[in-house]
Amino acid sequence: MPYSPIAPTFKQPFLHIGGQAQTIIPGAFRKIPGIQFTRERILTPDDDFLDLDWLRTGSKKLVIITHGLEGSSNSQYVRGTARIFNENGWDVLAWNCRSCSGEMNKQFRLYHHGEIKDIGQVIDHAIHSGKYTTVALTGFSMGANITMKYLGVNGKNIPTEVKAAAVFSAPCDLEYGSNALDMRSNWIYRSRFMRKLERKIHIKNELFPGRLDVSKLKDIRRWRDFDEWFSAPMCGYQDAADFYRNSSPKYFIEGITIPTLLASAINDPILTPECFPIDIAKSHAYFHLELPENGGHCGFMVKGRVHSWAEMRALAWCSGINI
């Protein structure tokens with residue numbers, strides 16, 4: 001399933017001109033009505049919890065959706081994906097990473113791009129509880145990273161029910177992704193992410209006094225500073241470099257053993273060319289890469305269509321595999 005130099009094309013809605021607009025407008029204004037999730041809470045082996053949001057039709061097919069950084073099951077791209085799969089006869093499970101469901105998690109650590117034990121537990125729980133014969137995985141941005149790393153690390157040891165994956169807008173190299181967030185043109189994304197994460201750091205400091213030096217928050221000049229002083233120690237890494245190396249899926253894609261699609265837009269404002277693993281895709285039997293010119297970051301809106309191109313592409317990929 002190699003990289004195809006013939007990029008997919010689709011027409012953006014009026015005023016969605018350029019990667020910034022194609023990212024910001026859907027994120028700020030798109031609403032997905034008609035989704036009524038049923039929430040389930042499961043406990044983790046380290047005495048924490050994960051909140052899972054379900055749409056059930058009684059199907060034997062299930063799609064599991066993983067959201068992006070500081071997203072949730074309420075993110076527009078998650079709800080849009082949930083709706084299109086549900087409308088086409090799939091059960092849907094949109095799970096929330098720790099601290100992202102509206103309630104702070106119990107343990108010191110939060111979540112991160114390279115954490116795969118939680119998604120593994122979610123997948124195992126879903127297969128057992130629903131008796132599904134076919135499971136597809138999809139994820140966006142950080143959720144794409146988590147999904148690909150899970151598949152790459154586990155290789156042939158993933159559950160046999162997991163048949164395919166379609167992921168989008170993945171920062172496959174976190175070091176370059178963090179540098180992109182520091183660009184002046186990306187201040188709006190950096191500001192939004194940092195504001196939400198700083199709030200969580202303060203809450204963790206209240207729950208676990210003395211374990212964090214929150215005074216360093218005022219000294220952050222680069223995104224790497226946050227990862228060096230907070231992400232790495234909270235997630236069990238030595239430093240930012242260790243965190244980036246072990247959380248970047250480009251180092252794990254070789255281990256993927258099921259048909260997996262990654263699609264990222266060339267005009268994505270927070271991805272750099274290093275986040276497009278073209279060389280890996282050219283020689284990989286299962287990993288397929290598509291690079292449309294337009295779409296922004298987790299945008300991909302299509303003129304005259306309710307669903308985004310990514311949502312339609314995910315359904316087509318996961319339904320079209322011989323499963």
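Residues to consider are K61, K11; find the one that is more than 18 Å from the chain's Cα centre (by Cα), basic (K, R) and at pLDDT 95 or above.
K61
Please verify whether the stretch 23-40 includes one or more residues that are in a strand (DSSP E or B) and under 24 Å from P159 (Cα atoms).
yes
Would you be able to tell me the number of residues in the stretch 154-165 that are closer than 15 Å to T66 by Cβ and in contact with a Phe, Trp or Tyr (Cβ under 7 Å, 6 or more places away or on another chain)?
Total meeting the criteria: 1.
Given the residues G236, G255, which is the only one that is surrounded by fewer than 22 Cβ atoms within 10 Å (Cβ to Cβ), in contact with a Gly (Cβ under 6 Å, 6 or more places away or on another chain) and either free of Cβ contacts under 8 Å to residues at least 60 places away in the same chain or not basic (K, R) (or both)?
The match here is G255.
Quickly run through the stretch 124-156 and pick out the residues that are over 28 Å from L271 (Cα atoms) and touching a residue at least 12 places away in the same chain (Cβ under 8 Å).
D124, H125, A126, I127, G130, K131, Y132, T133, T134, V135, K156
Evaluate the stretch 168-176: report whether one residue or more is within 23 Å of K117 (Cβ to Cβ) and out of contact with any helix residue (DSSP H, G or I) (no Cβ under 8 Å at 6 or more places or on another chain).
There is no residue in the stretch 168-176 that is within 23 Å of K117 (Cβ to Cβ) and out of contact with any helix residue (DSSP H, G or I) (no Cβ under 8 Å at 6 or more places or on another chain).
In the stretch 202-215, is there at least one residue being at positive phi and without any contact (Cβ under 8 Å) to a residue 12 or more places away in the chain?
Step one: list which residues in the stretch 202-215 are at positive phi, which gives 210.
After this cut, where a residue has to be without any contact (Cβ under 8 Å) to a residue 12 or more places away in the chain as well, the list is 210.
Checked the stretch 202-215: at least one residue is at positive phi and without any contact (Cβ under 8 Å) to a residue 12 or more places away in the chain.
The values are calculated or read from the model by the stated rules, or taken from the named source; none is laboratory data. Please read these numbers as outputs of a predicted model, since none were measured by experiment. Neighbour counts are summed over all protein chains in view; Cβ atoms, including those assigned to glycine, are modelled from backbone coordinates with ideal geometry.
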